[in-house]
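Reviewing the structure listed below.
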Amino acid sequence: MIRFEHISKNFPGVRALKDVSFSVRPGEIHALLGENGAGKSTLLNILHGVYTATQGQIWIDNQAVNFTSPVDALNFGIAKVHQEIHMVDCLNVGQNIALGFEKQKRGMLDYKEIYRKTDEILKRLGCKFSSQDSLSGLSVGELQMIAIAKSLYHQAKVISFDEPTASLSNVEIEKLFEVMRSLKEQGITLLFISHKLDEIFEMCDRVSILRDGTYIMTADISDITKEELIQNMVGRDVSSYAVRQKPSCVSKEVVLKADHLCGEGFSDISFELHKGEILGFSGLVGAKRTEVMRAVFGVDKRTGGDIYIKGQKVNPHSPQEALRHGIGLISENRKTEGFVPIMSNAMNMALASLSSFYKGGRLNQGLITKSFQHFGNQVQLNIMDPDYLTQNLSGGNQQKVILAKWLATDVDILIFDEPTKGVDVGAKAEIYSLMEDFVASGKSIIMISSELPEVIGMSDRIIVLKEGRMSAEVSREEFQEAVLLSHAMGEKL
Amino acid sequence: MNNLKKYAKGYIRELTTLLALAAIVVIFSIIAPRYLEIGNLMDIVEQGTVNGFLAIGVTCAIITGGIDLSVGSAMAVCVVTCGRLAVAGVPPVLVCVIGLALGAFIGLINGLLITKMNLQPFIATMGTNSVLRGVAYLITGGWPVLNIPSSYRDIFQFSLVPNLRMSMIFLILMAVIYSFVLKRRKTGIYIYSIGSNEEATKLSGVNTNRCKITAYMLCSMGAAMAGMVTLARLGTGEPTCGEGYELNAIAAAAIGGASLAGGKGTILGTVLGALILSALKIGLVVVGMDTFYQYIATGLIIIVAVYFETIQKNLSKIMGKKKA
Amino acid sequence: MNNLKKYAKGYIRELTTLLALAAIVVIFSIIAPRYLEIGNLMDIVEQGTVNGFLAIGVTCAIITGGIDLSVGSAMAVCVVTCGRLAVAGVPPVLVCVIGLALGAFIGLINGLLITKMNLQPFIATMGTNSVLRGVAYLITGGWPVLNIPSSYRDIFQFSLVPNLRMSMIFLILMAVIYSFVLKRRKTGIYIYSIGSNEEATKLSGVNTNRCKITAYMLCSMGAAMAGMVTLARLGTGEPTCGEGYELNAIAAAAIGGASLAGGKGTILGTVLGALILSALKIGLVVVGMDTFYQYIATGLIIIVAVYFETIQKNLSKIMGKKKA
Amino acid sequence: GSNSSSDQTASSSTEESKWASTEETFDPLTVEDAVTFEELRESNGAITKSSDEYSFAGNVKAFENVVWQEIANGYEGFAEDATAAGCKLSVDTTSPMGESDEEGQLSILKDQVRKGVNAVLLSPISDANCLPGIEAAHEADIPVYAVNNEFNGADMFVGPNSLEQGQLAAEWVNEKLGGSGDVAIVMGMAKTAVTRNRTQGFEEWFADNDSDIQVVAKQNADWDRSQAKDVAATFLKTYPDLKAIFCNNDVMALGVIEAVKEADLTLNKDIYVIGCDGQSEAYDSIRANEMAATIDTFPYYEGYMAAEVCYRSLIGQTVPRVVFTPSKMLDSTNVDNTPEENIGWTDPVFE
Ligand SMILES: Nc1ncnc2c1ncn2[C@@H]1O[C@H](COP(=O)(O)OP(=O)(O)OP(=O)(O)O)[C@@H](O)[C@H]1O
Ligand SMILES: Nc1ncnc2c1ncn2[C@@H]1O[C@H](COP(=O)(O)OP(=O)(O)OP(=O)(O)O)[C@@H](O)[C@H]1O
Ligand SMILES: [Mg+2]
Ligand SMILES: [Mg+2]
């Protein structure tokens, strides 16, 4: 059905793909697997006409295709559900789905027909919202459903998903998978990128592995084990599980205390963070964990409650105040909140701690570069060029740059919001070990994660949030997926 | 009932603008009762008409997330061209058609500069503004075009009912047509969605360039209408006319709720914005405010009117307990 | 060697602008050899000075992704205030200090409107533009301030070397200081990063509001300098001065490579942009071009100069074989 | 219904109107029975005191320009004198926000009409921006007098002869330069009537009088001091033999003087700078031996005369449609003369 033949792609200074050839069978769910920067997204982008291949040819149904734009591909029936969800906020659900292919009747948009058709698709996907709802208030998972609905509206034969589950909760992932299965039943070919191996085993028929831009292998999922997959992906052995390698180093000392915190969407949140602790925050997506932490970090307004740091009431009103008290936050939205696109790796790394790079009244580039080398090494960045634009790094490496930024500020408390979103297994393990080093040096971490193995594996203690309220505090002995899930969903065991 | 409520909710921003307009009228009437005379009120409408046409046009450009600084000069080019044609005896209706076509052509050029040459709208239209002003001067050699025949002037100046000129009816007509295009035609939806998220719109298979060009054409056609009305009002076509009008037009759109960030704004709001500006202007004259203080008052009103927007957003946020 | 190459690469945009400037000079020199006389070339610099100050300032606002339309009026307020003080016998250096402080204060107000009241920069500064113009008139009652003492004028008008006035030296000084702040101080880095991604900057613990306010203060201080130089140049302080200058300043910044989308632009580029505009203006006078054609030529040059940017980007894209 | 549509008046032009038509081109320079103010005083004699109350509305281009403030002061001056003499006259003068505020000026005019004044003394920004207001005034039986700037529909024009101003300047320059040499013109805003006439009068005089003086360059500087300085600086470099620069107004002339000083030329020896308007700053400049001359239109007296002419006409005196106010070349020889000496000014006689 789809055949990649000798695809190569060069970016300035980077060979993203080298002579990649394999084929995808009609009606299957085909996974693309590889480390961050392996070239998965690039390959999909070439398929969809976002980039043109430096060399090579793509065949679809034995027809050579050279899409020059995603629209070209769309018209050919090749749709994509983007990693960053592209939606037009000022339009409603139905308008977003139909965008670009609206029906007109008597010179007017035929909204009746548009809404009828989109509602039909939404129903097919089992969505609870309807075509005339506005986008505000929809969760990421729901936005993703809209993106899928869009593909169906176009009657796509092929839909590709670039890390669709990265920002979804377990429940939403389950729903997405249901939808994907039903799409498969309808004979649609699905391409699927994910860093979560369990998902690949659950969903896919076959898997193709890329490493450093080269094609490694394709295998039936039933013929291969997890270990083999990882082996082929990384080229070395890594533990795929989030397991603490070092002993826990929690001390009695309370470094941060939230007392009956209230804010937009949440209320009455109280917790204590101890020195050397990794405190996990679990819950469904939409549980308002992000909002709570934004309030702690001083980005959003609190409407009540107090925050104490080392016993002192501080109540930061802005990120800079929080930073002054030694709190840092790694946001879940890397692109929009994580880094500055015009800036190089070194500058993005230095952004939060610029004051420490002054020499003789001016910023010293040398100091910044030196510091970048130090922290870049520490987080094991793959491209150590200080002048390289962070924008052009792969997702996992972007995350590492952001981590380096906070390490450089020497904060005592670091809040990780979905720290491994879109990060490959190898890099995940590295990030986990960085987190452990961090707490080992007497600092503390709050970690929001929707990946249950991750919270369970990494946390010393877990707080579960449900709809903006604390639903449970779980100590290490009780860590179990089922327990956490039941608290998150509010069901009694 | 519920339907009505929903309907009203869709126009909440326009209602606020209307309220602001009413407030201005009331305040000035209290200070100077003369302000409330029908003649004066109609003057407000009449003076708001020219700016209204410009502002309606500019709103289209603003919704795409762009801007058009050339409307004043585009208006001047239309004024002198139509003036010459009318004086040369071309049938008035044909003059109007040619004027509109000329507007569309100017918009096409702006649109091409912005899409094909990928220039920032601010800079591109700043450039065309200068070029078009030169063209307007060249067309007449710098002289005004005098003695516009009344057959032409009547098209816009004729009053169906006392005080209700054709030009106002045309403004309403244009507002309705533009609203229709923006809300009920594909192109309109795309214009909004380009302003809100151009990338997503493009990825949805929309020919964004064509839509943007259309928006700039609609914009300059508004300017052309403004020019033709001015020509009829004054009976003289001056190449100097419309200088600096672009800022008034943009102010009207902003007061009416259009956001320079794109994706937001309505024709109705803009028309109300234009009326607010002319009500203010005439009000300051009627109460006899010193010229130098008028500068200050005008500036402050713009700031306050637009600040309304922020207050309102904050209020609805608090009331709706909804995250922005 | 390699280092040099790297260094040059960092200034590639400025080199293009320089090339464009050279092209303009060469073209006019061919038409009118007199254009190349040293006195005339220095005039280009001198006449670019006022716009240079304004444009340097505006560049700061533009880099944050904003704009400042009030610089012309801010300049006028400084002109009349400093004029009054100088005439009243306040020591010239003190006058300059007060002028700069006044500029900073005006910038503070703009900055507060934009950050605390959350207004769009275009609209906010359009409002303050009108207010400040009114203030300038009020300060003098509409009359010019005459007979500025030469002790004040000499601060800016004195020539160290023939043809090299203090005002130019101040421009260079200001350009160096502003470049230093933008490139070598954290506030400057933040100004760029706000323009590129405000949210990410804020979440890095940066007080983005304070940085934006600083940018607008730097902007108005540029306007204050422009005002003080104008006062010295003319020996008269007019409240009307600087009207419409904001567009020239923005044009200079855009020609010099600043992007109205924010995050891009350099002081050096802007200064070159200002020189291009004054070289063009003087060139058109030297070759005796009619005013009407000057409008057209100026508009075209702005468009072409900014189009350079796109061409250059495309070229480097093609060479890098990279698709956007 | 004071401002019901103008088209009705326009279309019913068959019936003889007592007001000037806005359709006809009004050019004071071509009006046959034009008189000078002096002639008017002579022929009309004293002003009869009237017990009727009169109110005039002054509507000038822009107070930002000092000339207009002086004209407004002139209106006020006459009103005061008349009141002191026992007449009942009040004048209220307003201006729009700058010379680009065309709609604003129209609003003011309409409001003045609505207020119900006895006459409007109008100096419109452009040739046309006030036309609807003028029509409204005529409908409300209010005469509109053009002061300084003519326009179609003006019932009367009082102001200087701007073509003659250019000629005066040319004559003066011709005499100073001994009939040959290069000169340049710094013009006002592109093609406003004043710019046009002053420039044209200046240029044509040389041709008409067989002078060898060449106008080698002319550029617009938009009435702006700074722009004028810039343009002049370039002129001086480009045309080193320039002997005189004629500026369309004083503000620009003052800017040009700065440029000349910087070019290290000696004013009034190497080069003459001539302005126009006669505002006080120009007087000072002439006294300081900087500006060579200005064509003084005596703005204060112009305003005064306009108000007087208007008053005369309202109390029933017959006044021709065009009354020219004096312009005079003012240079170092006569700058310190009193207005009495320069234009033979005398206060009006009331009886
Ligand atoms: N526009 C670009 N310009 C320069 N280099 C790029 C660009 N896009 C991708 N690259 C580089 O190409 C390589 C492959 O990137 P790609 O995004 O395809 O990886 P990926 O497998 O999708 O990684 P991830 O799992 O993190 O999403 C990386 O080294 C990346 O830095
Ligand atoms: N309409 C939307 N468009 C884009 N993103 C959205 C939208 N609604 C929610 N999100 C994002 O989805 C995520 C989850 O939504 P929400 O804010 O409701 O809960 P949350 O507390 O962030 O969830 P979690 O508990 O996973 O942190 C947030 O990152 C939010 O920014
Ligand atoms: Mg990827
Ligand atoms: Mg979240």
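The values are calculated or read from the model by the stated rules, or taken from the named source; none is laboratory data. For clarity, every value in this text was computed on a predicted model and none was experimentally measured. As a convention, Cβ positions derive from the backbone with ideal geometry for all residues, glycine included, and neighbour counts pool all protein chains shown. Heads up: the accessible areas ignore ligands, DNA and RNA and are worked out on the full protein's heavy atoms, side chains in. Shrake-Rupley method; radii C 1.70, N 1.55, O 1.52, S 1.80 Å.
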Under-5 Å amide H pairs with A:Gly56, H placed in peptide plane, nonlocal only: A:Ser8
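Please compute the alpha carbon radius of gyration of segment A:319-373, then divide it by the globular-protein estimate 2.2 N^0.38 Å. Two decimals is fine. Numbers along the way, then the final one.
Values: Rg = 12.4 Å, N = 55, 2.2 N^0.38 = 10.1 Å.
Scaled against compact globular proteins, the figure is 1.23.
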Pair C:Thr187, B:Ala101: separation of 7 Å Cα→Cβ label points (nm): 5.8 nm
Teacher prompt: C:Gly244 distances to equivalent labels in other copies, 7 Å Cα→Cβ, nm: 1.0
Probe 1.4 Å - accessible area at C:Met42, Å² to nearest ten: 40 Å²
Alpha-carbon Rg with Dmax, taken over segment D:59-117, Å: 12.9, 39
Shortest-first distances to equivalent copies, position B:Val97, nm, label 7 Å out along Cβ: 7.2
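Evaluate the relative contact order of segment A:254-489 (contact order divided by residue number), counting alpha-carbon pairs under 8 angstrom at least 6 apart; express in whole percent. Mind dumping the intermediate values first?
Numbers: 470 pairs, mean separation 67.9, N = 236.
Relative contact order, segment A:254-489: 29 percent.
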Rounded tilt (10° steps) of D:299-314 against the dominant C-alpha axis of chain D: 20 degrees
Pairwise burial C:B, computed as accessible area of each alone minus the pair, summed, 1.4 Å, Å²: 3500 Å²
Cα-based convex hull volume of segment D:245-298 per residue, rounded to whole Å³: 58 Å³
Amide hydrogen neighbours beyond the local backbone of D:Thr36, cut-off 5 Å, H modeled: D:Phe324
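Just flag the chymotrypsin sites (Phe, Trp or Tyr not before Pro) in segment C:218-324 sitting in loop per DSSP whose Cβ has no more than 15 other Cβ atoms within 10 Å.
Numbers: sites: C:Tyr245, C:Phe292, C:Tyr293, C:Tyr295, C:Tyr307, C:Phe308; in loops: none.
Loop-located and lightly packed - none at all.
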Rounded to 5, the percent of DSSP beta bridges in the protein assembly as shown classed as antiparallel: 40 percent
Equivalent ellipsoid semi-axes - Cα gyration tensor, segment C:120-182, angstrom: 30, 23, 7
Largest to smallest principal axis extent of the C-alpha atoms in segment A:47-90, angstrom: 39, 21, 15
13 Å reach of a label modelled at C:Lys313, 7 Å along Cα-to-Cβ, counting backbone N of segment A:67-108: none
Residues with amide H under 5 Å from that of D:Asp270, placed H, sequence gap 5 or more: none
Degrees, to the nearest 10: D:66-84 long Cα axis against longest axis of chain D: 40 degrees
Square roots of five times the Cα gyration tensor eigenvalues for segment D:231-351, Å: 36, 14, 10
Kyte-Doolittle mean at least 1.0, axial Cα span of 30 Å or more - DSSP H helices of chain C: C:38-63, C:92-115
Label point 7 Å beyond Cα along the C-beta direction, distances from C:Leu36 to other copies (nm, shortest first): 7.5
Segment A:86-181: trypsin sites (Lys or Arg not before Pro) in DSSP coil with no more than 11 other Cβ atoms inside 10 Å: A:Arg106, A:Lys128
Sorted largest first, extent of segment A:2-234 alpha carbons per principal axis (Å): 54, 36, 32
Over 22 Å (Cα to Cα) - which of B:Lys116/B:Lys183; A:Lys246/A:Lys335; C:Lys183/C:Lys212 fall in this group: B:Lys116/B:Lys183; A:Lys246/A:Lys335
Rounded accessible area of D:Thr93 (nearest 10 Å², 1.4 Å probe): 20 Å²
Entries of A:Lys252/A:Lys370; A:Lys226/A:Lys428; A:Lys40/A:Lys400; B:Lys186/C:Lys313; A:Lys175/B:Lys313 with Cα pairs more than 27 Å apart: A:Lys252/A:Lys370; B:Lys186/C:Lys313; A:Lys175/B:Lys313
Integer Hz, Karplus 6.51/-1.76/1.60 couplings in order for segment A:243-259, x for Gly and Pro: 10, 5, 8, 10, x, 5, 10, 6, 10, 6, 4, 8, 9, 9, 9, 9, 10
Descending Cα extents along the principal axes, chain C, whole Å: 64, 56, 40
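Do you know the relative contact order of chain C, to the nearest whole percent, from alpha carbon pairs under 8 angstrom that are 6+ apart? Show your work: numbers first, answer last.
Values: 529 pairs, mean separation 111.0, N = 324.
Relative CO of chain C lands at 34 percent.
If you put +1 on each Lys and Arg Cβ and -1 on each Asp and Glu Cβ, how big is the dipole of the protein assembly as shown around its Cα centre, in Debye rounded to 20? Spell out each step's value before the answer.
On the way: 127 positive and 149 negative charges, 1471 e Å.
The dipole of the protein assembly as shown has a size of about 7060 debye.
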Accessible surface of A:His274 - all protein chains present, 1.4 Å probe, nearest 10 Å²: 40 Å²
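For segment C:19-100, report the accessible area per residue in Å² (1.4 Å probe, heavy atoms, rounded to an integer).
Numbers: 2570 Å² over 82 residues.
Each residue of segment C:19-100 exposes 31 Å² on average to a 1.4 Å probe.
Counting pairs of Cα atoms in the protein assembly as shown, how many percent are more than 64 Å apart?
21 percent
Given the convex hull of the Cα atoms of segment A:180-301, what is a quarter of its surface area in nm²? Before the final figure, lay out each step's value.
Numbers: hull surface 48.5 nm².
Average of the hull's projected areas for segment A:180-301 equals 12.1 nm².
Tell me: how much accessible area in total is hidden between A and C, 1.4 Å probe, Å², nearest 100? Could the numbers behind the result be given before it?
Details: alone 21470 and 16370 Å², together 35290 Å².
Between A and C, the summed buried area is about 2500 Å².
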In sequence order, calculated HN-Hα J values of segment D:329-343 (Karplus, 6.51, -1.76, 1.60; Hz; x Gly/Pro): 5, 10, 9, 4, 6, 10, 5, 8, 5, 6, x, 4, 6, 6, 10
Paired Rg and Dmax values of segment C:186-324, which use every Cα atom, in angstrom: 18.4, 57
C:Val287 paired with A:Thr68, simple spin-label distance in nm, labels 7 Å along Cα-to-beta-carbon: 3.7 nm
Cα pair distances of chain A binned at 10 Å [whole percent]: 4, 18, 28, 27, 17, 6, 1, 0
